[in-house]
Every structure is written in structure tokens, then in C-alpha cells.
Amino acid sequence: MNNWLKRRALLVTAAVTLTTALVPGSASAGVLVNTESAKNCTTQVLEQPFKRWLDYANYTLVPGGNFESGTPAWTLSKAKVVSGNETFYVRSRKDSRSLSLGASGVATSRPVCVGLEHTTMRFFARNSGLLTSTLAVEVLFETSLGAVLSLPIGVVPSLNKKWQVTLPLPVIANLLPLLPNQKTAIAFRFRAVGLLGNWQIDDVFVDPRRR
């Protein structure tokens with residue numbers, strides 16, 4: 001079995017294990033499904049923000065993921081919107097803001113609707129603090145009882161103090177519906193790990209793989 005098949009098998013196994021606690025398709029109650037952005041995938045606007053990195057997939061911006069209008073409905077701890085956009089300006093040269101996470105800072109996105117086709121997420125990050133700090137990324141999903149659980153999906157290393165595009169991170173929770181056209185609501189949590197880290201994130205996207 002090649003590496004791709006092994007990875008796919010692991011993701012499906014994880015999804016099947018977690019699905020026993022979830023309602024297939026759209027949940028009817030719970031904190032992650034109380035916004036329109038978590039209920040309807042059909043209104044998602046598609047972009048190709050990572051073409052210069054030879055990633056031609058279509059992505060949709062996580063609600064509020066460019067931080068130009070602040071952080072409505074995001075949940076923040078030791079985090080705030082600051083001046084300074086990611087330096088590639090993949091959405092607009094007029095963009096001028098990003099989200100800053102201080103040491104032990106945590107930011108949780110607004111909910112977003114995903115299905116089987118939403119396979120990966122990707123964003124921009126930089127750390128102007130100690131290079132030993134990392135940025136942990138988790139996906140949040142809901143059980144049938146409305147309890148919100150989390151699953152780690154990746155760690156962003158501090159390679160240098162410049163803005164960098166992250167590798168595509170597997171959403172994993174998108175496999176929980178398991179059937180085409182079924183959807184579930186998720187959110188992403190970003191956590192600064194390590195002392196004296198000073199992380200910024202910007203332009204947070206999820207990939208619906210629609211062509």
C-alpha cells in the first residue's frame with residue numbers, strides 16, 4: 001500500500017471511530033450550527049489563493065478568515081486583530097490586517113459548513129518571537145448531544161520570522177458525514193505553543209475541491 005492509500009485509510013478509520021458520536025448530515029442543535037455559514041455550503045465563494053505555490057485547488061475563505069472586519073463571532077484569548085497583512089496579498093492589495101496570538105494565545109474560528117469534498121485547510125502564518133514556539137491547529141466538531149470535541153490536524157513550525165504559507169492540513173472531520181452531499185459544521189482552533197511566541201495568522205481557507 002502506498003503512502004497516499006495508507007494516509008487515506010488512517011483518515012477514514014479516524015472518521016468512522018468518531019462518527020459513532022455524531023449525527024450524520026446537518027445537526028439540529030448545538031453551538032457550531034447556529035450560524036448561516038455553518039448551515040449552507042452552496043453560498044461559499046471559491047478562490048485560488050495558492051496558485052503561486054503550484055496549488056491550483058479551489059478554496060473558500062473561512063468566515064472572517066481575512067480579519068479585515070475584525071473577528072466577529074471568533075473566540076479569542078490573548079489574541080487580537082493587528083495592522084499588517086500577510087505579505088503575499090493573495091486576496092487584495094488593500095488588505096491590511098491579520099490576527100495576532102501572544103504567548104499561549106488561542107483563537108477559534110467561526111463555524112463553517114463542510115462535507116466530504118472539503119479535504120484540506122491552509123493559511124498564512126509568521127512568528128516574530130522565539131523560533132522554538134509552534135502553532136497548533138485543531139478542528140472542532142459536535143457530537144449528537146451538542147458537545148464540542150477537538151481533533152489535532154497539524155503543527156506549524158517557526159521556520160523564520162517572515163510570513164509563510166502553511167502546508168495543506170487535512171480537515172479529517174469532513175469525513176464524518178461519510179456520504180456525498182451530507183454536511184457537518186466545524187470550526188478551527190489555533191493555539192500558540194511555547195514561551196515568548198508572537199504568532200500572526202491571516203487568510204484562513206478551506207478547500208472544497210470543486211472544479
Selected residue (criterion: nearest to the chain's Cα centre (by Cα)) from residues of region 98-119 that are crowded, with 18+ Cβ neighbours inside 10 Å and at pLDDT 95 or above
Ser109
Which condition number does Ala73 fail, the rest of (1) within 16 Å of the chain's Cα centre (by Cα); (2) modelled with pLDDT of 95 or more being met?
(2)
Test for Gly84: is it surrounded by fewer than 17 Cβ atoms within 10 Å (Cβ to Cβ), touching a residue at least 60 places away in the same chain (Cβ under 8 Å) and in contact with a strand residue (DSSP E or B) (Cβ under 6 Å, 6 or more places away or on another chain):
yes
Residue list for region 138-169, filter: more than 26 Å from Gly84 (Cα to Cα), buried (at least 19 other Cβ atoms within 10 Å of the Cβ) and not aliphatic (A, V, I, L, M)
Phe141, Glu142
Applying the selection to region 68-84, what residues are outside any loop (DSSP other than H, G, I, E, B) and hydroxyl-bearing (Ser, Thr, Tyr)?
Thr75, Ser77, Ser83
Applying the selection to region 155-170, what residues are assigned to a loop (DSSP other than H, G, I, E, B) and touching a Phe, Trp or Tyr at 6+ places or on another chain (Cβ under 9 Å)?
Ser158, Trp163, Thr166, Pro168
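The values are calculated or read from the model by the stated rules, or taken from the named source; none is laboratory data. Because the structure is a prediction, the values reported are computed rather than measured. Don't worry about glycine lacking a Cβ; one is built from the backbone with ideal geometry, like all the others, and counts go over all protein chains shown.
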